[in-house]
Amino acid sequence: MIPINFTTVGTLYVVATPIGNLEDITLRALRILKEVDLIAAEDTRHTKQLLNHFDIHTPLISYYREKEAERSEELVQKMLAGETIALVSDAGTPGISDPGAVLVKKARTAGITIVPLPGPSALTAALSAAGITDGTFLFLGFPPARKGQRQKLLSSFVDSSWSLVFYESPHRIQAFLADVLAILGDRQAFWGRELTKLYEDLQEGPVSHLLELASTKKNRGEFVLIIHPGSSQQVTGESVEDILLWYKENTELSLKDVSRRVAKDLGVSRSNVYQMALELWAVSKEES
Ligand code: SAM
């Protein structure tokens with residue numbers, strides 16, 4: 001065991017940095033980045049540019065997702081030996097869909113003081129411009145890359161009364177919006193793209209409208225997507241058939257998803273409900 005002199009144990013500062021506009025750096029962040037012994041950065045080359053801009057010359061060490069556990073151990077030892085460290089990610093707030101949590105947890109367990117420096121985050125920037133009147137939301141970060149997993153995740157929020165907040169990249173936004181439309185229906189939605197940057201773009205409208213924009217626009221930049229809760233329309237119907245028809249007429253859910261939900265809600269056999277839905281869907285197809 002290495003003897004620890006608690007009077008000299010360092011501090012971990014968790015520092016938010018700009019998500020585009022460098023003017024968004026806080027005065028406190030600038031002071032701490034100058035004063036600490038070491039800056040642990042997700043990508044040292046990226047952070048170096050930020051530091052150069054503000055004429056800061058603090059040494060850097062890399063701290064990225066794949067090395068979180070190993071590097072955290074090393075950084076904790078440095079802080080136990082008295083060094084002060086600032087943790088930054090490439091942009092925004094560390095730990096918000098970015099590395100950071102492992103180090104914070106290890107540092108706290110080791111008795112190191114953790115000081116968060118609040119500042120930019122795409123999450124709060126988008127929320128502040130979205131106008132969520134009841135103030136409740138659920139942050140889900142990046143949706144899964146695989147379609148099946150994405151759809152499964154979305155299906156579990158069909159009844160949610162919260163606004164759902166996602167991060168998404170430009171090359172997946174279209175596929176993701178298509179899944180949202182199919183699973184959650186044509187709800188009201190909002191996106192904040194290129195927030196704080198020159199081509200900042202805020203859009204609001206039904207999911208189908210955003211999907212149309214996503215397929216026609218050159219979607220450079222990163223997105224925060226907010227899907228508002230579905231309408232509070234109550235499912236109505238006296239029989240299983242009525243309920244199935246209600247879903248068919250009022251939602252964009254697939255036959256499979258409708259059957260799954262109705263079977264679960266009524267506590268009846270899924271295969272029976274599925275069979276019934278197949279027949280109803282077939283009849284209405286013939287009629288149309
Ligand atoms: N820790 C960061 C934060 O606090 O916002 C988020 C890091 S995460 C790896 C990157 C994602 O955040 C992007 O894919 C995008 O969804 C979102 N994002 C980051 N900067 C953004 C910006 N300027 N405008 C819109 N979304 C942004």
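Observations on the model:
- Each Lys and Arg contributes +1 and each Asp and Glu -1, all at the Cβ; summed about the Cα centre of the chain, the dipole is approximately 760 debye.
- Set of aspartates and glutamates near K67 by C-alpha distance (under 15 Å), chain-local residues within fewer than 8 positions excluded: E42, D43, D98
- For region 240-287, the Cβ-based charge dipole about the Cα centre amounts to some 320 debye (Lys, Arg positive; Asp, Glu negative; other atoms uncharged).
- Charged-residue dipole, Cβ positions (Lys, Arg, Asp, Glu), region 63-196 about Cα centre, Debye nearest 20: 260 debye
- Around the amide H of V14, modelled in the peptide plane, lie the amide H atoms of L87, V115, L117, all under 5 Å away and 5 or more residues distant in sequence or on another chain.
- Spatially, region 54-89 and region 169-240 are offset by 37 Å when compared through their Cα centroids.
- J(HN,Hα) series, region 87-97, from Karplus relation 6.51 cos²θ - 1.76 cosθ + 1.60, nearest Hz, glycine and proline x: 9, 10, 10, 4, 7, x, 9, x, x, 9, 6
- Antiparallel %, DSSP beta bridges [both residues in the chain], to 5: 45 percent
- Region 155-286: translational diffusion in µm²/s, Stokes-Einstein, Kirkwood Rh over Cα pairs, 4 °C, 1.567 mPa s: 80 µm²/s
- For region 200-212, putting each phi into the Karplus relation 6.51 cos²θ - 1.76 cosθ + 1.60 with θ = phi - 60° gives couplings of 3, 9, 10, 10, 9, x, x, 3, 4, 5, 5, 5, 5 Hz, in residue order, rounded to whole numbers and with x for Gly and Pro.
- Helix content alone sets the calculated 222 nm mean residue ellipticity of the chain: runs of n ≥ 4 DSSP H residues at -39500 (n - 2.57) each, divided across all residues, give -13000 deg cm²/dmol.
- Rounded if a/c under 1.5, otherwise prolate or oblate - region 123-227, Cα gyration tensor axes: oblate
- For L138, nonlocal amide neighbours, meaning residues 5 or more places apart or on other chains whose placed amide H falls under 5 Å from its own, are S163, L164, V165.
- Taking one quarter of the surface of the C-alpha convex hull of region 31-182 gives a mean projected area of 11.3 nm².
- Expressed to the nearest 5 percent, the antiparallel share of DSSP beta bridges inside region 11-120 is 5 percent.
- Degrees between helix 68-80 axis and first principal axis of the chain (Cα, 0 to 90, nearest 10): 40 degrees
- R0 of 51 Å, Cβ-Cβ distance K256-K197: FRET efficiency to nearest 0.05: 0.80
- Rg and Dmax [Cα atoms of the chain; Å; Rg one decimal, Dmax integer]: 24.2, 82
Taken together, the values in this text are just the output of simple stated rules run on the coordinates, not laboratory data. Quantities reported herein were computed from a predicted structural model and do not represent experimental measurements. Every residue, glycine among them, receives a Cβ derived from its backbone with ideal geometry; neighbour counts consider all protein chains shown.
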